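Visitor: Sharing a structure, written as structure tokens. Questions coming.
The values are calculated or read from the model by the stated rules, or taken from the named source; none is laboratory data. Since the structure is predicted, the reported quantities are computational estimates derived from the model, not experimental observations. Quick reminder, even Gly has a Cβ in these numbers, built from the backbone with ideal geometry, and neighbours come from all protein chains shown.
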Amino acid sequence: MENLRKVFVTGVFRKRLVNAVDGVSFTISSGETLGLVGESGCGKSTLARVVLGLIPPSGGRIFFHGQEITEARAAELKKVRRKMQIIFQHPESALNPRMKIYDSLVEPMRIHRLVNNRREEKKKAEELIELVGLHKEHLDRYPHELSGGQIQRVVLARILSLQPEFIVADEPTSMLDVSVQAQMLNLFKEIQKKFNISYLFISHDLEVVRWMSDWVAVMYAGSIVEIGPVEKVCENPRHPYTLTLVSAFYAPANNVSEFTKVTDFKAARHLSGCKFYPFCLEANSVCKKKPDLKEVEKNHFAACWHL
Ligand code: SF4
Ligand code: MG
């Protein structure tokens, strides 16, 4: 991703431009996971949709296997898009409540003509459902007969039927119970190893991102303020915002819902300089200019004038 931007126009009487994604660049290698962490509202989900071409960027370029796909035509995109899939926070909405699991599961394979006959289709469906830790009998059920975790497994199986190389997972486990969540995260990892899949793994939960990722990007008010190997960023955060975030997260008696309210950055979005300026203890006049990411140690970047 190269310098991606997404601008929304809001307001009915007085129009206002919101920089939801404000110049985001990153690379994900095959078989690796980039975790994207940030408070709710920081632009993570918008970025996810721009990355997959579900909404067009206002600027920037998207590459897949070195080939630019930012403005690829629909026909070219269809092939590439099959290789790039997304899994959302609310799995229920991904399945038709009136369709049996079997029919939902095989639907994408039918659309993409990946199976030649009924027998092959059935075999494939059975393989897929077992791959995600469910049983053949589940194929005959309806979504309401399954738990949230089971449905998320079906959704994953559906995606896997298309043999994706890159999956954007947008808070895929945040609606699940903690115990189910851990199993699901492990399943994501197993699948990754088996098929050499790359993930952009989005979460507001630092612990989840740490468990899942090789690299982590910290997003704040539409920009990546710090990016690097996950252990380096978590153990040795350099950007003042990441420091706030990490210490808020690991503070005793803290919890995730408090973590999501570290700062009220919506008010800071319009700032042209560093958007952390209103909350930063180290801020001074130089911070009114936007800082670029710079390498603070090998492969570890942060955007702050005081580094
Ligand atoms: Fe704080 Fe300035 Fe660094 Fe922004 S650039 S994080 S305001 S010190
Ligand atoms: Mg979101």
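Visitor: If residue 21 passes every condition in (1) more than 16 Å from ligand 2 (Cβ to nearest atom); (2) touching a Pro at 6+ places or on another chain (Cβ under 9 Å); (3) β-branched (Val, Ile, Thr) but one, which one does it miss?
Guide: (1)
Visitor: Can you go through 101, 55, 87 and tell me which one is modelled with pLDDT under 95, within 30 Å of residue 146 (Cα to Cα) and in contact with a helix residue (DSSP H, G or I) (Cβ under 8 Å, 6 or more places away or on another chain)?
Guide: Of the residues listed, the single one that is modelled with pLDDT under 95, within 30 Å of residue 146 (Cα to Cα) and in contact with a helix residue (DSSP H, G or I) (Cβ under 8 Å, 6 or more places away or on another chain) is 87.
Visitor: Give me the residue from region 112-162 that is free of Cβ contacts under 8 Å to residues at least 40 places away in the same chain and of a type in the set (Lys, Arg) and, out of that set, surrounded by the fewest Cβ atoms within 10 Å (Cβ to Cβ).
Guide: This residue is 113.
Visitor: Quick one: which residue in 170, 177 is surrounded by fewer than 21 Cβ atoms within 10 Å (Cβ to Cβ) and acidic (Asp, Glu)?
Guide: The match here is 177.
Visitor: Right, next: Where residues in region 199-217 are β-branched (Val, Ile, Thr) and surrounded by 24 or more Cβ atoms within 10 Å (Cβ to Cβ), which of them is farthest from residue 47 (Cα to Cα)?
Guide: Step one: list which residues in region 199-217 are β-branched (Val, Ile, Thr), which gives 202, 208-209, 216.
Keeping just the survivors that are surrounded by 24 or more Cβ atoms within 10 Å (Cβ to Cβ) gives 202, 209, 216.
Values: 202: 10, 209: 17, 216: 15 Å.
For region 199-217, the residue satisfying everything is 209.
Visitor: Considering every residue within region 65-80, establish whether at least one is surrounded by 17 or more Cβ atoms within 10 Å (Cβ to Cβ), more than 24 Å from residue 225 (Cβ to Cβ) and among the small types (Gly, Ala, Ser).
Guide: So far as region 65-80 goes, yes, one or more of its residues are surrounded by 17 or more Cβ atoms within 10 Å (Cβ to Cβ), more than 24 Å from residue 225 (Cβ to Cβ) and among the small types (Gly, Ala, Ser).
Visitor: So, of the residues in region 220-235 that are of a type in the set (A, V, I, L, M) and modelled with pLDDT of 95 or more, which turns out to be surrounded by the most Cβ atoms within 10 Å (Cβ to Cβ)?
Guide: Checking each candidate, the answer is 233.
Visitor: Among the residues of region 20-45, which ones are within 16 Å of ligand 1 (Cβ to nearest atom) and acidic (Asp, Glu)? Before the answer, list the steps.
Guide: Going through region 20-45, the residues within 16 Å of ligand 1 (Cβ to nearest atom) turn out to be 22-23, 38-39, 42.
Scanning region 20-45 gives 22, 39.
Visitor: With the requirement that a residue be in contact with a Cys (Cβ under 8 Å, 6 or more places away or on another chain) and among the hydrophobic types (A, V, I, L, M, F, W, C), what does region 189-211 give you? Write out each step before concluding.
Guide: Restricting attention to region 189-211, the residues satisfying the condition of being in contact with a Cys (Cβ under 8 Å, 6 or more places away or on another chain) are 206, 210.
The one that is in contact with a Cys (Cβ under 8 Å, 6 or more places away or on another chain) and among the hydrophobic types (A, V, I, L, M, F, W, C): 206.
Visitor: Here is a follow-up. Quick one: would you say residue 232 is away from ligand 1 (no atom under 16 Å from the Cβ) and over 24 Å from residue 2 (Cα atoms)?
Guide: Considered against the rule, which asks whether it is away from ligand 1 (no atom under 16 Å from the Cβ) and over 24 Å from residue 2 (Cα atoms), residue 232 comes out as no.
Visitor: Also, quick follow-up: Does residue 40 qualify as being under 23 Å from residue 221 (Cβ atoms), loosely packed, with under 15 Cβ neighbours inside 10 Å and within 15 Å of the chain's Cα centre (by Cα)?
Guide: Yes; evaluated as a whole, the condition is true for this residue.
Visitor: Which one of 76, 92, 71, 130 is out of contact with any Asp or Glu (no Cβ under 8 Å at 6 or more places or on another chain), modelled with pLDDT of 95 or more and not aromatic (Phe, Trp, Tyr)?
Guide: 130
Visitor: Can you name the residue in region 257-306 that is touching a helix residue (DSSP H, G or I) at 6+ places or on another chain (Cβ under 9 Å), surrounded by fewer than 15 Cβ atoms within 10 Å (Cβ to Cβ) and among the hydrophobic types (A, V, I, L, M, F, W, C) and is also modelled with the lowest pLDDT among such residues?
Guide: Across region 257-306, the extreme among qualifying residues is 267.
Visitor: Name the residue, out of 35, 31, 41, that is within 16 Å of ligand 2 (Cβ to nearest atom) and at pLDDT 95 or above.
Guide: After applying the criteria, what remains is 35.
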